[in-house]
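Asks: Below is a structure I'd like to ask you about.
The values are calculated or read from the model by the stated rules, or taken from the named source; none is laboratory data. Remember, it's a predicted structure, so these values are computed and weren't measured experimentally. Cβ coordinates were reconstructed from backbone atoms using ideal geometry, including for glycine residues, and neighbour counts include every protein chain displayed.
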Amino acid sequence: MTVLVQRSLPRFGGFTFGMIKLELRRMMRNKRTVIFTLVLPAVFFLLFGTNASAKHETAGGGNVTGYIMVSMAVYGAMLATTSGGAMVSIERAAGWSRQLRLTPLKPVAYIAVKLVLAMIIGAVSVVVTFAVGSASGAKLPVHAWIECALLAWVCALVFAAFGLFMGYLLPSENVMQILGPVLAVLAFAGGLFAPLDTFGHTFATIAKFTPVYGVGQLARYPLTHDGNLWLAVLNVVAWTLIFSIGAMWRFRRDTARV
Amino acid sequence: MTLTASPGTAARGAAEPAVDLDGVVKRFGAVTAVDGISLKIRPGEVVALLGPNGAGKTTTVDMLLGLAAPTAGSVQVYGRKPHDAVALGLVSAVMQTGGLLKDYTVEETVRLTAVLFGKPESAVGEALDRAGIADIGKRMVGKCSGGQQQRLRFAMALLPDPELLILDEPTTGMDVGGRHDFWQAIRQDAQGGRTVIFATHYLEEADAYADRVVFVRRGRIVADGTAAEVKALASGRTVRATLPGAVEADIRDKTGAETVEIRGDSVYLHGRDTDAIARYLLNETAARDLEITSRNLEEAFLTLTADDAESAK
């Protein structure tokens, strides 16, 4: 008597733009996310980067205001991608991940959705800071406007992996309250808030091994053509691997348990 | 003590079972949550999984949904591995708590579920309607009452149009009105022939809504049958009749009743097979005004789930 409806599994493990659209709407509803990822970096830029001396002093092919704008865009992108990745922590705490296991959505597709989301808000954050910058006296060579923005954005993938790793590691409802200060310290150590040569020699050497250093150097390279490019690339690749392996390890544990 | 009464197995048994648990054991470290459960559920049955807290109901439900893997034994749902059945939308569930995000609206939550199952737009409104929450679609989930959230979980569970719907303590924390409305919705839905399994410790729910009641205690099935059968198996029923001049020993021998009590012209016979007792009284004696009463499920529940001296032996 059993007449079964023809049933099939969705394509791509359940990865859909419909889900991304809904998730994006939900993220934008969270005022804290919007303030931290879109407003804060632009405000920092206006505070630290738009005084008269910064506008007149040159940096590479542009001015110091432009240099600080790129640094703040990197900071914004890393805040945005980290909080995008760290969404999994809130969703695990709420039992939502468990609910999703009652759907055809494959865990890998879920991670892919989170990464895409992280990169979308990362892009928005970079665009906002650059838009504010162009309206407030930042000067970059034309090619650097595009290249710096792209690099700041692409390299923030490191922090999407970092966010995921932390999201699986810390089962906390307000994981960003922990990660916010951590990111600020990392950004400082990586030379986003002040150039490394203002640190002592020992600190400057240690700083080169921290995860933000490589991203900052790379993103500013089209402007400055300064520093060791390959060292920066190595830094970004190494930290991406470390955070991705960490995220995979926790992710596997998480899916095996249930 | 294991009592078994599988209603109508012979009559309909041939069809593929909706659920087939075979010797299922689940241990968490030193704790055995499920201790050898074998259970077949046929398509279309409405089954209550009844037992005290910690009896292993939720663990069993988790294994049916592929959220936990059995330590030993096998679990099949419509002949498939549980997670495959879930992914295909053959099975869905209303879980007890959690599983909702506060910053989605009711409608968005259902919409997302529809997207994940690859269902068309129209399925969203339909599920909201059937769960009775179409009017609060724009409300944030975090602002919904416990009952509304539960009906939202129900709407999500309806979306894949499952063959089997599993409800884990679905009305915990609801007020009487909410509970009534929720069961109203489930009942309407089950008329379409959906198989329903619900775990509960509300006896009246099992009594009122289940075709079949499976009592679980300490990870084992202790009784299985219709609510009426289980009540009878657990505690027996009482036949009262008017029979002047009855002789106690005589009636006990002829009817096989466990206890016989005579009060004036009335006899009270307590036993498991009250049909046979009644048949004897009406056919072979001058008994009249016959009544059969059963204890309620609550008493049966207490009898079956109590840690009595017998089980300690």
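Asks: In this structure, is B:ARG194 touching a strand residue (DSSP E or B) at 6+ places or on another chain (Cβ under 6 Å), within 14 Å of chain A (Cβ to nearest Cβ) and in contact (Cβ under 8 Å) with a residue 24 or more places away in the chain?
Replies: yes
Asks: Can you tell me how many residues within region A:22-32 are at the interface with another protein chain (Cβ under 10 Å from one of its Cβ atoms) and in contact (Cβ under 8 Å) with a residue 12 or more places away in the chain?
Replies: 2
Per-residue answers, yes or no, for (1) closer than 24 Å to B:ALA85 by Cα; (2) at pLDDT 90 or above; (3) aromatic (Phe, Trp, Tyr):
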position: B:PRO160; (1), (2), (3): yes, yes, no
position: B:ILE166; (1), (2), (3): yes, yes, no
position: B:GLY192; (1), (2), (3): yes, no, no
position: B:VAL230; (1), (2), (3): no, no, no
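Asks: Another question about this same structure. Against the conditions (1) over 21 Å from A:THR33 (Cα atoms); (2) surrounded by fewer than 24 Cβ atoms within 10 Å (Cβ to Cβ), where does A:LEU151 fall short? Just the number, please.
Replies: Status for A:LEU151: all satisfied but (2).
Asks: Can you give me the number of residues within region B:26-85 that are in a loop (DSSP other than H, G, I, E, B) and within 25 Å of A:LEU9 (Cα to Cα)?
Replies: Summing the residues that are in a loop (DSSP other than H, G, I, E, B) and within 25 Å of A:LEU9 (Cα to Cα) in region B:26-85 gives 12.
Asks: May I pose another question? Could you run through region B:135-158 and say how many residues are over 27 Å from B:PRO52 (Cβ atoms) and crowded, with 23+ Cβ neighbours inside 10 Å?
Replies: Counting residues in region B:135-158 that are over 27 Å from B:PRO52 (Cβ atoms) and crowded, with 23+ Cβ neighbours inside 10 Å gives 4.
Asks: Let me ask another. Please tell me if B:THR113 is outside any strand (DSSP E or B), of a type in the set (Ser, Thr, Tyr) and in contact with a Ser or Thr (Cβ under 9 Å, 6 or more places away or on another chain).
Replies: yes
Asks: All but one of (1) surrounded by fewer than 22 Cβ atoms within 10 Å (Cβ to Cβ); (2) of a type in the set (Ser, Thr, Tyr); (3) in the same structural domain as B:LEU128 (by TED's automatic domain parsing) hold for B:THR200; state the number of the condition that does not hold.
Replies: Condition (1) is where B:THR200 drops out.
Asks: Follow-up. Taking region B:89-120, which residues are of a type in the set (A, V, I, L, M), touching a residue at least 24 places away in the same chain (Cβ under 8 Å) and touching a Pro at 6+ places or on another chain (Cβ under 9 Å)? First the steps, then the outcome.
Replies: Within region B:89-120, the first condition is being of a type in the set (A, V, I, L, M), and the residues that meet it are B:90-91, B:93-95, B:100-101, B:106, B:110, B:112, B:114-116.
After this cut, where a residue has to be touching a residue at least 24 places away in the same chain (Cβ under 8 Å) as well, the list is B:90-91, B:93-95, B:100-101, B:106, B:110, B:114.
Of everything in region B:89-120, those that are of a type in the set (A, V, I, L, M), touching a residue at least 24 places away in the same chain (Cβ under 8 Å) and touching a Pro at 6+ places or on another chain (Cβ under 9 Å) turn out to be B:LEU90, B:VAL91, B:ALA93, B:VAL94, B:MET95, B:ALA114.
Asks: Tell me the residue from B:VAL94, B:VAL106 that is within 14 Å of another protein chain (Cβ to nearest Cβ), modelled with pLDDT of 95 or more and crowded, with 19+ Cβ neighbours inside 10 Å, please.
Replies: Details: B:VAL94 fails: modelled with pLDDT of 95 or more.
Answer to the selection: B:VAL106.
Asks: Considering only residues that are among the hydrophobic types (A, V, I, L, M, F, W, C) and modelled with pLDDT of 95 or more, look in region B:18-33 and name the one that is farthest from B:LEU164 (Cα to Cα).
Replies: B:VAL25
Asks: Given A:ALA131, A:ALA138, which one is farther than 30 Å from B:ALA85 by Cβ and part of a helix (DSSP H, G or I)?
Replies: None of the others qualify; the one that does is A:ALA131.
Asks: Could you list, in sequence order, all residues of region B:203-252 that are within 26 Å of B:HIS180 (Cβ to Cβ), crowded, with 19+ Cβ neighbours inside 10 Å and among the β-branched types (Val, Ile, Thr)?
Replies: B:VAL213, B:VAL214, B:VAL216, B:VAL230
Asks: Look at A:GLY190 and say whether it is closer than 30 Å to A:GLY14 by Cα and buried (at least 17 other Cβ atoms within 10 Å of the Cβ).
Replies: The answer is no for A:GLY190.
Asks: Is it the case that some residue within region B:116-128 is modelled with pLDDT of 95 or more, within 11 Å of chain A (Cβ to nearest Cβ), more than 21 Å from B:ARG179 (Cα to Cα) and not in a helix (DSSP H, G or I)?
Replies: Within region B:116-128, none of the residues are modelled with pLDDT of 95 or more, within 11 Å of chain A (Cβ to nearest Cβ), more than 21 Å from B:ARG179 (Cα to Cα) and not in a helix (DSSP H, G or I).
Asks: Tell me whether region B:89-102 contains one or more residues that are part of a helix (DSSP H, G or I) and of a type in the set (D, E, K, R).
Replies: For region B:89-102, residues part of a helix (DSSP H, G or I) and of a type in the set (D, E, K, R): absent.
Asks: Sticking with this structure for a sec: Could you give me the residue pairs with C-beta distances under 8 Å whose first residue belongs to region B:61-79 and is away from every other protein chain (no Cβ under 11 Å), whose second residue is part of a loop (DSSP other than H, G, I, E, B) wherever it lies, and which are 6+ apart or on separate chains?
Replies: B:MET63/B:ALA69; B:MET63/B:PRO70; B:VAL75/B:LYS81; B:GLN76/B:PRO17; B:VAL77/B:ALA18; B:VAL77/B:LEU90
Asks: While we're on this one: Sort out for me the strands (runs of 3 or more DSSP E) sitting completely within region B:183-269 that have 1 or more residues that are among the aromatic types (Phe, Trp, Tyr) and touching a helix residue (DSSP H, G or I) at 6+ places or on another chain (Cβ under 7 Å).
Replies: The qualifying strands (runs of 3 or more DSSP E) are B:212-217.
Asks: Among (1) surrounded by fewer than 23 Cβ atoms within 10 Å (Cβ to Cβ); (2) within 11 Å of chain A (Cβ to nearest Cβ); (3) aliphatic (A, V, I, L, M), where does B:ALA85 come up short?
Replies: (1)
Residue-by-condition table, conditions (1) closer than 27 Å to A:LEU183 by Cβ; (2) in contact (Cβ under 8 Å) with a residue 40 or more places away in the chain; (3) more than 14 Å from chain B (Cβ to nearest Cβ):
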{"position": "A:LEU9", "(1), (2), (3)": "no, yes, no"}
{"position": "A:GLY14", "(1), (2), (3)": "no, yes, no"}
{"position": "A:ILE20", "(1), (2), (3)": "yes, yes, no"}
{"position": "A:ILE35", "(1), (2), (3)": "yes, no, yes"}
{"position": "A:LYS55", "(1), (2), (3)": "no, yes, yes"}
{"position": "A:GLY66", "(1), (2), (3)": "yes, yes, yes"}
{"position": "A:SER71", "(1), (2), (3)": "yes, yes, yes"}
{"position": "A:VAL74", "(1), (2), (3)": "yes, yes, yes"}
{"position": "A:ALA86", "(1), (2), (3)": "yes, yes, yes"}
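Asks: May I pose another question? Evaluate the following for B:GLY178: is it assigned to a loop (DSSP other than H, G, I, E, B) and over 30 Å from B:ALA276 (Cα atoms)?
Replies: no
Asks: Now, a different point. Please find, within region B:51-74, the residue that is surrounded by the most Cβ atoms within 10 Å (Cβ to Cβ) out of those that are more than 14 Å from the chain's Cα centre (by Cα) and of a type in the set (S, T, N, Q).
Replies: My answer is B:THR59.
Asks: Now, a different point. Just wondering, is there one or more residues in region B:150-170 that are free of Cβ contacts under 8 Å to residues at least 24 places away in the same chain and within 13 Å of chain A (Cβ to nearest Cβ)?
Replies: Initial filter on region B:150-170 (free of Cβ contacts under 8 Å to residues at least 24 places away in the same chain): none.
No, because not a single residue in region B:150-170 is free of Cβ contacts under 8 Å to residues at least 24 places away in the same chain and within 13 Å of chain A (Cβ to nearest Cβ).
Asks: Looking at (1) out of contact with any strand residue (DSSP E or B) (no Cβ under 7 Å at 6 or more places or on another chain); (2) in contact (Cβ under 8 Å) with a residue 24 or more places away in the chain, which is the only condition A:ILE178 fails?
Replies: (2)
Asks: Yes or no: A:GLY167 touching a residue at least 60 places away in the same chain (Cβ under 8 Å), farther than 25 Å from A:MET248 by Cβ and in contact with a helix residue (DSSP H, G or I) (Cβ under 9 Å, 6 or more places away or on another chain)?
Replies: So A:GLY167 does not fit the description; no.
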